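Working notes, beginning with the structure itself.
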Amino acid sequence: MTSKVLIIGAGGQIGSELTYTLRQKIGVDNVIASDINKNNLELVNSGAFELIDAKDFDAIKNCVEKHNIDTVYLMAAMLSATGEKYPEAAWDLNMTSLFNVLNLAKEKIIKKVFWPSSIAVFGPTTPKTNTPQHTIMEPTTVYGITKQVGERWCEYYHKNYNVDVRSVRYPGIISWKTLPGGGTTDYAIDIFHQAIANKTYECFINADTELPMMFMDDAVRATIDLMEAKGDDLSIRSSYNLAGISFTPTEIAQTIKTHISEFQITYKPDFRQQIADTWPKSINDSVARKDWGWEHNFDLEQITNEMLTQLIKTVTS
Ligand code: AKB
């Protein structure tokens, strides 16, 4: 029987692309998109859509029952930079929404849950290079704290209530369809928009700050592959390390320059620099590779090529 899926936070950067890909894969009618607003018109007009506040347990439960949903992807979250401005709201949204979905699975109203964690679970005391799956985790942002605590709860619900919850620690995700909002790694998307529009970019992260990143196509494929993996093969029920590539603002600017020779980057680090300074430079994802065959495809040159080609198309169409 085909699975029926609900995506909460489907209007966002990752949620929207996950919705489009899953609809292609299992059919438009089998993927219900939901968000707290109808701002993403392309998404709202592309299939079934429900207005849902991820903090509202009854709203999620009613939607699950109405559409016979068995699998929920919880993509709603307040990210690192916005979370530092609204710490209590970030805690409330990120934790309440997770408990809502985990409790639906505990009550056997749904069968499977995907919940995204992040490289933000790591902190200044974590080994910075080739960061292992199991290591010191002392996050300093509210977002990172919610993700770390969330990972503990996922593992707890799996162990104690047999909840089939799966998760990856996303690095910064680079994409062109839907803008991200409120993250520290957002610079790696802004830079493409500004390179095309103005041929200059004032970067809020220092020239030599290296961070783990990944192209959206890889991130969506990782998410779906993990959800399709055999449960018995999964040794991690907190969240898997997931790696793509790592680069600095200088390196991405140089790659853009090979396409737009006039492009210039300047630097004006703000509070997001302090967040970036606590995160790893590169991630060891050998456990994901071993357990469910994860492998990334896109390198920096391919990402740059794809971003510029697609964004130029959207500007000129
Ligand atoms: C952020 O920058 O907050 C996110 C993340 C790495 O989870 N993109």
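The values are calculated or read from the model by the stated rules, or taken from the named source; none is laboratory data. This structure is a prediction, so every number in the text was calculated from the model and none was measured. All Cβ positions, glycine included, derive from the backbone under ideal geometry; neighbour counts span all protein chains shown. SASA here: full protein model, heavy atoms, side chains in, ligands and nucleic acids out. Shrake-Rupley method; radii C 1.70, N 1.55, O 1.52, S 1.80 Å.
Applying the selection to the range 127-174, what residues are of a type in the set (Val, Ile, Thr) and more than 16 Å from the ligand (Cβ to nearest atom)?
Of the residues in the range 127-174, the ones of a type in the set (Val, Ile, Thr) are 129, 131, 135-136, 140-142, 145-146, 149, 163, 165, 168, 173-174.
Of everything in the range 127-174, those that are of a type in the set (Val, Ile, Thr) and more than 16 Å from the ligand (Cβ to nearest atom) turn out to be Thr129, Thr135, Ile136, Val163, Val165.
If you scan the range 150-162, which residues turn out to be over 17 Å from Thr96 (Cβ atoms) and touching a residue at least 12 places away in the same chain (Cβ under 8 Å)? Write out each step before concluding.
Filtering the range 150-162 for residues over 17 Å from Thr96 (Cβ atoms) gives 155, 158-162.
Glu155, His158, Lys159, Tyr161, listed by residue number.
Cβ-Cβ distance below 8 Å, separation of 6 or more or different chains: which pairs start in the range 65-87 with a residue that is in contact (Cβ under 8 Å) with a residue 60 or more places away in the chain and end on one that is open to solvent by 40 Å² or more (accessible area, probe 1.4 Å) and within 14 Å of the ligand (Cβ to nearest atom)?
Correct list of pairs: Met78/Tyr86; Leu79/Gly181; Ser80/Arg272; Ala81/Phe271; Ala81/Arg272; Thr82/Gly181; Glu84/Phe271.
Looking at the range 134-176, which of the residues that are part of a helix (DSSP H, G or I) and of a type in the set (A, V, I, L, M) is most open to solvent (accessible area, probe 1.4 Å)? Give the steps one after another, and end with the answer.
As a first pass, look at the range 134-176 and keep what is part of a helix (DSSP H, G or I): 142-161.
Filter once more, so that each one left must be of a type in the set (A, V, I, L, M): 142, 145, 149.
Details: Val142: 29, Ile145: 67, Val149: 41 Å².
That would be Ile145.
Yes or no: the range 219-233 includes at least one residue that is farther than 30 Å from Leu104 by Cβ and either among the hydroxyl-bearing types (Ser, Thr, Tyr) or within 16 Å of the ligand (Cβ to nearest atom) (or both). Full working, then the answer.
Start the filter on the range 219-233 by keeping residues that are farther than 30 Å from Leu104 by Cβ, which leaves none.
Among the residues of the range 219-233, not one is farther than 30 Å from Leu104 by Cβ and either among the hydroxyl-bearing types (Ser, Thr, Tyr) or within 16 Å of the ligand (Cβ to nearest atom) (or both), which makes the answer no.
Looking only at the range 83-126, which residues are aromatic (Phe, Trp, Tyr) and either under 15 Å from the mean Cα position of the chain (by Cα) or within 16 Å of the ligand (Cβ to nearest atom) (or both)? So that I can check it myself, show each step before the final result.
Within the range 83-126, the first condition is being aromatic (Phe, Trp, Tyr), and the residues that meet it are 86, 91, 99, 114-115, 122.
Result: Tyr86, Trp91, Phe114, Trp115, Phe122.
Assess whether Asn45 counts as being in contact with a strand residue (DSSP E or B) (Cβ under 7 Å, 6 or more places away or on another chain), assigned by TED's automatic domain parsing to the domain that holds Ser118 and not acidic (Asp, Glu). If you could, list the steps in order and put the result at the bottom.
Numbers: in contact with a strand residue (DSSP E or B) (Cβ under 7 Å, 6 or more places away or on another chain): no; assigned by TED's automatic domain parsing to the domain that holds Ser118: yes; not acidic (Asp, Glu): yes.
Answer is no for this residue.
Out of the range 38-83, which residues are surrounded by fewer than 20 Cβ atoms within 10 Å (Cβ to Cβ) and among the small types (Gly, Ala, Ser)?
Once the filter is applied, which keeps residues that are surrounded by fewer than 20 Cβ atoms within 10 Å (Cβ to Cβ) and among the small types (Gly, Ala, Ser), the range 38-83 yields Ser46, Gly47, Ala48, Ala59.
Checking Thr248 against (1) open to solvent by 10 Å² or more (accessible area, probe 1.4 Å); (2) touching a Gly at 6+ places or on another chain (Cβ under 7 Å), which single condition isn't satisfied?
It fails just one condition, (2).
Taking the range 177-198 on its own, how many of its residues are open to solvent by less than 50 Å² (accessible area, probe 1.4 Å), more than 15 Å from the ligand (Cβ to nearest atom) and among the small types (Gly, Ala, Ser)?
1
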